[in-house]
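**Student:** Here it is: the structure, laid out below.
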Amino acid sequence: MNQLLLEEHLYFNLIASTVVVGICYLLSKNSKTKDYVGFLYLFGIPLKGVFFYKSFPFLFLEGLSLSLQEKANILFPVLFFLAAEVLFLSKMLKQSPPS
């Protein structure tokens, strides 16, 4: 896999995570929607997977064989940004919304 493709994966995950965390942040500021932020996040995870599949369909071809390093290069950014999302979301949900 070339360097450009790896950068595209990183940018995709960065943008998708920023959008998800941003939406959750905005919703957590409202006391009426704060209780639903976790559920909306759980909906956002598979939605992000669908967008990843649509953005990089060639990675899911049946005949494609990737080396272990290529698989790790795809999976590491996904797991890194997933962990970052969970960390930010847990901090947001612990805060009390302004009255």
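**Student:** Report the gain in length on full extension from Lys32 to Thr18: 0.36 nm times residue separation, minus Cα-Cα distance, nm rounded to one decimal.
**Tutor:** Details: separation 14, 0.36 × 14 = 5.04 nm, distance 2.26 nm.
Fully extending the segment from Lys32 to Thr18 adds 2.8 nm.
**Student:** I would also like to ask the following. If you put +1 on each Lys and Arg Cβ and -1 on each Asp and Glu Cβ, how big is the dipole of the chain around its Cα centre, in Debye rounded to 20?
**Tutor:** On the way: 8 positive and 6 negative charges, 111 e Å.
That gives the chain a dipole magnitude of about 540 debye.
**Student:** Right, something else. So what's the back-of-envelope 222 nm ellipticity for the chain, counting only DSSP H runs of four-plus at -39500 (n - 2.57) apiece and dividing by all residues, rounded to 500? Before the final figure, lay out the partial values.
**Tutor:** Working: 3 runs with 72 residues, N = 99.
Dividing the helical sum by the residues of the chain leaves -25500 deg cm²/dmol.
**Student:** Using only alpha carbon pairs under 8 Å that are at least six residues apart, calculate the relative contact order of the chain and give it in whole percent.
**Tutor:** For the chain, the relative contact order is 51 percent.
**Student:** Between the range 12-32 and the range 36-88, what is the separation of their alpha carbon centroids in Å?
**Tutor:** With the range 12-32 and the range 36-88 each reduced to a Cα centre, they are spaced 17 Å.
**Student:** If you look for lysine pairs in the chain that are eight or more places apart or on different chains, how many of them have Cα atoms under 28 Å apart?
**Tutor:** Taking the chain as the scope, the lysine pair count is 13.
**Student:** Of the options Ile15, Ser65, Ser31, report the single residue whose Cα projects farthest towards the positive end of the charge dipole of the range 9-99 (beta-carbon charges: Lys, Arg +1; Asp, Glu -1).
**Tutor:** Ser31
**Student:** What does the highest-first list of 39-50, 61-72 look like by mean Cβ count within 10 Å? Show your work: numbers first, answer last.
**Tutor:** Details: 39-50: 13.2, 61-72: 8.8.
Taking the mean over residues of other Cβ atoms within 10 Å, the ranking is 39-50, 61-72.
**Student:** Can you give the angle from 0 to 90° between the axis of helix 37-55 and the longest principal axis of the chain, with both taken from C-alpha atoms, to the nearest 10?
**Tutor:** 20 degrees
**Student:** Please list, in order along the range 8-20, the HN-Hα scalar couplings obtained from phi with the Karplus expression 6.51 cos²θ - 1.76 cosθ + 1.60 (θ = phi - 60°), rounded to whole Hz, x for Gly and Pro.
**Tutor:** Coupling constants for the range 8-20: 4, 5, 4, 5, 4, 5, 5, 5, 4, 5, 5, 5, 4 Hz.
**Student:** For the range 3-93, place one equal point scatterer on every Cα, skip the solvent, and apply the Debye formula. What is log10 of I(q)/I(0) at q = 0.24 Å⁻¹?
**Tutor:** -1.22
Bear in mind that the values in this text are calculations on the coordinates, not laboratory data. All of these numbers come straight from a predicted model, not from anything done at the bench. Using ideal geometry, Cβ is built from the backbone for each residue, glycine included, and neighbour counts are taken over all protein chains shown.
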